1. Restrict the search to the stretch 182-276; then list the trypsin sites (Lys or Arg not before Pro) that DSSP places in a loop and that have at most 14 other Cβ atoms within 10 Å of their Cβ.
2. For the chain, which longest stretch is free of loop sites, where a loop site is one of the chymotrypsin sites (Phe, Trp or Tyr not before Pro) that DSSP puts outside H, G, I, E and B and that has at most 16 other Cβ atoms within 10 Å?
3. From the phi angles alone, apply the Karplus equation (6.51, -1.76, 1.60; θ = phi - 60°) to the stretch 301-307 and give each ³J(HN,Hα) in whole Hz, x where the residue is Gly or Pro.
4. For the stretch 19-34, take each phi angle, set θ = phi - 60°, evaluate the Karplus expression 6.51 cos²θ - 1.76 cosθ + 1.60, and give the result in whole Hz per residue in order, putting x for glycine and proline.
5. Are there any GluC sites (Glu not before Pro) in the stretch 21-68 that are in a DSSP loop and have at most 16 other Cβ atoms within 10 Å? List them by number.
6. Using the reciprocal of the averaged 1/r over all distinct C-alpha pairs, how large is the Kirkwood radius of the chain in Å?
7. Whole angstrom only: what separates the Cα centroid of the stretch 267-329 from the Cα centroid of the stretch 143-216?
8. Sort the stretch 266-392 into rounded, prolate or oblate with this rule: let a ≥ b ≥ c be the square roots of the eigenvalues of the Cα gyration tensor; rounded if a/c is under 1.5, and if a/c is not under 1.5, prolate when a/b is larger than b/c, oblate otherwise.
Amino acid sequence: MSDFIPYGKQTITEKDINNINEVLKSEFLTQGPKVPEFEKAICKKVDANYGVASNSATSCLHLACLALGLRKGDYLWTSPITFAASANCSQYCGANVDFVDIDKETGLIDIDDLQNKLEIAKKEDKLPKVLIPVHLAGSSCDMEEIGFLSKKYGFKIIEDASHALGGKYKDFPVGSCKFSSITVFSFHPVKIITTGEGGIATTNDKELAQKMVDLRSHGIIKQDERFLFESEGDWYYEQQMLGFNYRLTDIAAALGISQISRLEKIVTERNALYINYKRLLSDLPVKLLKIPNNVYSSIHLAVIKINSDNKEMHKYIFKKLRENQIGVQLHYYPVHLHPYYRNLGFKKGDFPKSEIYKDKAMSLPLFPGLRYQQQEKVVDILTNSIRDFDEI
Ligand SMILES: *Cc1c(COP(=O)(O)O)cnc(C)c1O
């Protein structure tokens with residue numbers, strides 16, 4: 001057994017395995033009764049009216065953009081400090097993408113920058129149709145402020161809450177869409193709960209939910225009352241628009257149902273691990289990402305930032321931790337600096353706070369089941385590598 005400690009990983013219980021086994025012995029493997037049961041369970045947890053599960057959060061982001069009518073000529077804005085999927089969904093719809101820089105303490109979209117950029121865009125007649133705020137590391141963005149701006153400037157909001165299942169903004173569970181049209185969660189194995197691959201879009205808007213349901217399965221309609229032409233027999237169905245196969249399997253949904261029952265326990269444990277880190281790191285020249293007031297974070301990631309402008313120090317510490325079997329990771333390399341996005345015209349210097357962030361940030365291991373001694377080991381190795389760098 002290697003002693004490698006990853007930055008995140010899934011936990012699978014006997015109950016999870018039993019739930020999956022039951023589906024394997026049942027009649028339905030893909031999208032049977034377990035998918036709607038899972039959708040209902042998520043809606044109940046996050047206090048939303050509708051949930052549309054799919055085979056990934058990436059698919060859900062695509063469905064959400066299409067449901068909101070994003071298309072060629074439109075703009076979608078998001079944060080540069082996110083997984084590429086938050087921006088890629090614009091490209092699937094043939095739309096333009098742009099970014100809003102982050103607040104350097106929280107890593108979340110900077111509300112002042114957003115406001116300024118909107119004011120400029122308004123003058124240039126280039127206001128976005130969709131904004132995707134990203135709840136980095138599990139902390140909700142300031143949704144009330146963003147909601148206010150969305151009304152003032154007339155854009156729609158899709159929350160990328162891939163990290164934030166079980167988190168809260170003020171008294172509202174993330175996913176309740178109090179200030180947004182749609183919220184998207186991921187069930188990739190490193191996320192808060194998993195279905196292997198999978199995602200869900202929650203909304204309180206019946207029409208948006210229906211559009212996403214239709215597009216999830218080829219744009220095929222099977223209910224008589226929705227047919228555009230007369231039914232030609234019991235076998236009849238209609239493809240009314242161009243959709244996809246983004247369905248979740250019943251096998252995956254069964255795992256999700258079992259996992260979601262432990263949500264509070266998982267998020268409580270993640271918060272306890274975070275508090276341990278906070279204490280263990282208190283004497284080091286590093287700082288955990290700030291969690292905004294009024295936010296209960298799901299603590300998807302324990303992101304620290306090095307108190308130094310020396311890029312070499314960041315690189316050195318990263319390398320030393322990895323050499324010592326600590327699976328630190330950078331969340332994230334700014335999306336606009338990936339070659340694909342540079343090809344669209346983005347360049348170094350476009351979003352300076354995000355670019356500084358990348359030279360300071362790293363995610364320490366944090367997942368349910370991580371032991372206190374392992375956290376101490378991570379911090380010991382971090383302490384030594386900082387000291388070793390200072391002596392070079
Ligand atoms: C993981 C992640 C996604 C994509 O999730 P998938 O389920 O893997 O498609 C999108 N956005 C963010 C911020 C993520 O962390």
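The values are calculated or read from the model by the stated rules, or taken from the named source; none is laboratory data. Everything quoted here is computed from the prediction, not taken from an experiment. A quick note on method: Cβ atoms are made from the backbone with ideal geometry, for glycine too, and the neighbour counts reach across all protein chains shown. Heads up: the accessible areas ignore ligands, DNA and RNA and are worked out on the full protein's heavy atoms, side chains in. Shrake-Rupley method; radii C 1.70, N 1.55, O 1.52, S 1.80 Å.
1. Working: sites: Lys191, Lys206, Lys211, Arg216, Lys222, Arg226, Arg247, Arg262, Lys265, Arg270; in loops: Lys191, Lys222, Arg247, Arg262.
Here the trypsin sites (Lys or Arg not before Pro) that fit, given the DSSP loop and packing criteria, are Lys222.
2. On the way: sites that count: Phe4, Phe28, Phe227, Phe229, Trp235, Tyr236, Tyr237.
Between exposed loop sites, the widest span is 29-226.
3. Going residue by residue, I get 10, 9, 8, 9, 10, 6, 7 Hz, with x marking Gly and Pro.
4. 4, 5, 4, 4, 5, 4, 8, 8, 7, 9, 9, 10, 5, x, x, 6
5. Glu27
6. Computed over Cα pairs of the chain, the Kirkwood hydrodynamic radius comes out at 21.9 Å.
7. 26 Å
8. oblate
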